[in-house]
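In what follows, a single structure is set out as structure tokens and then discussed.
We did not get these values from a lab; they are worked out from the coordinates using the rules stated. Keep in mind the model is a prediction, meaning the values are calculated, not measured. Neighbour counts are summed over all protein chains in view; Cβ atoms, including those assigned to glycine, are modelled from backbone coordinates with ideal geometry.
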Amino acid sequence: MSRPISVEVVSSHVHLSESHHRILFGDGHMGTVRHELSQTGQFAYQETVDAVGANGEAITLRVLGPHRKSTQVELTPTEARLLGIDAPLAKSGDLADAQLCTLRTTHGTIEAKAAVIVPKCHLHLSDTEATSLRLANGASVRVDVVGDATRVIENVVVRVHPTYRARLHIHSDVARDLWLHSGSHIRVRDIQS
């Protein structure tokens, strides 16, 4: 078992491509950084967008930076159902089966094709941390929640980068189901094949 690793419950959000950012906020708009995130170089903008489903329902999402190559909308299963979107459970960045939604601000609107996913639980690790745990980028692991009750999270995707800090990222539906909160802790139990 590994040392305890902090859990972060990540709110649903959107990553925008540069071109979509310009359409939604205007040419020359740089965005206002609201706060830095735990992963080095990642931040939340002050700006938000409305994600609108085919059924006309909408939710407001915070924009995270920096820009991505492709726009990506990360929702919980509950939110996806509310919007009438059949969003796949996928690794962040895997948009092969991602679904469509409309993104809207007071400045502009876009049809975000192949953008909406439900993100898989994922474990951020630096190169050094991954080496000490004998884990490779893309591995799938099982983790135990630290506490009195036995709680296990299966099929957690390992993401390794030199700038990452050890954190387990989960969305709020998982947090609710397992009675977790930011600041809870997990330990890596084993690698799943």
For the chain: Kirkwood Rh in Å [reciprocal of mean 1/r, alpha carbons]: 17.4
Hey, fewest Cβ within 10 Å first, where do D190, D173 land in order? D190, D173
Binned at 10 Å from zero, the C-alpha pair distances of segment 121-192 give percents of 20, 55, 23, 1
Within segment 132-193, report the trypsin sites (Lys or Arg not before Pro) that DSSP leaves as loop and that have at most 16 other Cβ atoms within 10 Å. R134, R151, R165
What nm value, rounded to one decimal, do you get for the distance between A149 and R62 when each label is placed 7 Å out toward the C-beta? 2.7
If I take R0 = 25 Å and measure r between the Cβ atoms of R187 and S11 in this structure, what FRET efficiency does the formula 1/(1 + (r/R0)^6) give, to the nearest 0.05? 0.50
How would you classify segment 15-123 from its alpha-carbon gyration tensor, with a ≥ b ≥ c the square roots of the eigenvalues: rounded for a/c under 1.5, else prolate if a/b is greater than b/c, otherwise oblate? oblate
Quotient of C-alpha Rg and 2.2 N^0.38 Å, computed over segment 1-74: 1.27
Gap in Å between the Cα centre of segment 171-193 and the Cα centre of segment 2-27? 20
Hey, got the dipole for the chain? About the Cα centre, +1 on K and R Cβ, -1 on D and E Cβ, debye to the nearest 20? 420
Got the relative contact order for the chain handy, in percent, Cα pairs under 8 Å and 6 or more residues apart? 28
Net +/- balance of residues flanking E8 in space, Cβ distance below 11 Å, scoring K and R +1, D and E -1: +2
Protection proxy (average C-beta count within 10 Å per residue), highest first, orders 21-28, 122-129 as 122-129, 21-28
Measure out, as a whole number of angstrom, how far apart the alpha-carbon centroids of segment 94-142 and segment 51-88 sit. 12
